[in-house]
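Report on one structure; see the data block that follows.
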Amino acid sequence: MIRNFLLGNHFIYSNFQNFVGAENLRKYLVKKFELKPGDKILDIGCGPADILEYLPENIEYTGFDSNENYINAAKKRFKNRGNFYCEYVDNNILKNNLIQEGCFKVILAIGVLHHLTDEEAIILFELGQNTLEKGGKLITLDGCYTEKQSLLVKFILNMDRGDFVRNEEEYLKLAKCRFNDVKTDIRTNLINIPYTHITMECIKK
């Protein structure tokens, strides 16, 4: 569809994100989940890595995205502030030694789960278990259906590029396939348009 083609361009994607208020969303995530200097962060589906602008200078950042246009833009903009890979993320990135087991303090999967089937989502959570250090956290953020949503919010969610927008129970069920400690939070005020987000914080025990 035309929206996939347009949003596949990093310039259009980033400007659209800024238009809907993604700057406030990124600041919220950094503050809520206490992302700190020294954290070793893996960003799955990083896009053009726009969140790096809001992260502390001296973090260790690794970003993966399957869109080459996004990754090239991230490399050009942020240079040596992170390591950027154009790869589809599954357990093969461990087999290929692109990252190591048990080494990340934080894994970000922002706007990712609603693009994944249940089977693909479980692989993502399995990868989180394999690559997080003990006490580390996997953080997800996605659009979410709720019972009392307006028709406008449901329409916007239905128009999303992702085909697998879920409700809270469905997201939580997937996370608990691999994590026992999962906290969810639903917000309706993170961006400038009517929208419902869910965050999940999955802690590795």
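The values are calculated or read from the model by the stated rules, or taken from the named source; none is laboratory data. None of the values given here were measured: they were computed from a predicted structure. We place every Cβ from the backbone using ideal geometry, glycine too, and count neighbours over all the protein chains shown. These area figures cover heavy atoms from the full protein model, side chains too; ligands, DNA and RNA do not enter into them. Shrake-Rupley method; radii C 1.70, N 1.55, O 1.52, S 1.80 Å.
Residue by residue through region 122-138, note down the ones that are among the basic types (Lys, Arg) and crowded, with 19+ Cβ neighbours inside 10 Å.
137
When region 140-165 is examined, which residues are found to be in contact (Cβ under 8 Å) with a residue 40 or more places away in the chain and more than 17 Å from residue 191 (Cβ to Cβ)?
Within region 140-165, 163, 164 qualify.
Would you point out which residue out of 173, 134, 154 is over 17 Å from the mean Cα position of the chain (by Cα) and either closer than 24 Å to residue 93 by Cβ or not in a helix (DSSP H, G or I) (or both)?
Numbers: 173 fails: either closer than 24 Å to residue 93 by Cβ or not in a helix (DSSP H, G or I) (or both); 154 fails: either closer than 24 Å to residue 93 by Cβ or not in a helix (DSSP H, G or I) (or both).
Only one candidate passes the filter, namely 134.
Taking residue 139, is it in a strand (DSSP E or B) and not small (Gly, Ala, Ser)? Quick ask: steps written out before the conclusion?
Numbers: in a strand (DSSP E or B): yes; not small (Gly, Ala, Ser): yes.
Yes; evaluated as a whole, the condition is true for this residue.
Considering region 97-121 alone, what residues qualify as being of a type in the set (A, V, I, L, M) and either in a strand (DSSP E or B) or surrounded by fewer than 16 Cβ atoms within 10 Å (Cβ to Cβ) (or both)?
Taking region 97-121 first, the residues of a type in the set (A, V, I, L, M) are 98-99, 106-110, 112-113, 116, 121.
If the condition is that a residue be of a type in the set (A, V, I, L, M) and either in a strand (DSSP E or B) or surrounded by fewer than 16 Cβ atoms within 10 Å (Cβ to Cβ) (or both), then 98, 106, 107, 108, 109, 110 are the ones that fit.
Filter region 139-154 down to the residues that are open to solvent by less than 20 Å² (accessible area, probe 1.4 Å) and of a type outside the set (Ser, Thr, Tyr), then identify the one that is nearest to residue 116 (Cα to Cα).
Let us first name the residues in region 139-154 that are open to solvent by less than 20 Å² (accessible area, probe 1.4 Å), namely 139-144, 153.
Next, only the ones that are of a type outside the set (Ser, Thr, Tyr) stay: 139, 141-144, 153.
On the way: 139: 16, 141: 13, 142: 11, 143: 13, 144: 14, 153: 21 Å.
Applying the filter and picking the extreme gives 142.
Can you find a residue in region 66-81 that is at pLDDT below 95, open to solvent by less than 70 Å² (accessible area, probe 1.4 Å), under 18 Å from residue 46 (Cα atoms) and part of a loop (DSSP other than H, G, I, E, B)?
Checked region 66-81: at least one residue is at pLDDT below 95, open to solvent by less than 70 Å² (accessible area, probe 1.4 Å), under 18 Å from residue 46 (Cα atoms) and part of a loop (DSSP other than H, G, I, E, B).
Please specify each residue of region 180-205 satisfying the condition of being assigned to a loop (DSSP other than H, G, I, E, B), in contact (Cβ under 8 Å) with a residue 40 or more places away in the chain and surrounded by fewer than 21 Cβ atoms within 10 Å (Cβ to Cβ). First the steps, then the outcome.
Kept after step one, since they are assigned to a loop (DSSP other than H, G, I, E, B), are these residues of region 180-205: 180, 188-196, 204-205.
Next, from what is left, pick out any that are in contact (Cβ under 8 Å) with a residue 40 or more places away in the chain: 190-196, 204-205.
Selection gives 190, 191, 192, 193, 194, 205.
Of the numbered conditions (1) out of contact with any strand residue (DSSP E or B) (no Cβ under 6 Å at 6 or more places or on another chain); (2) at positive phi, residue 102 fails exactly one; give the number of that condition.
Going through the list (1) out of contact with any strand residue (DSSP E or B) (no Cβ under 6 Å at 6 or more places or on another chain); (2) at positive phi, residue 102 breaks only (1).
Keeping to region 23-50, report how many residues are touching a residue at least 40 places away in the same chain (Cβ under 8 Å), under 20 Å from residue 202 (Cα atoms) and assigned to a helix (DSSP H, G or I).
Here the count works out to 4.
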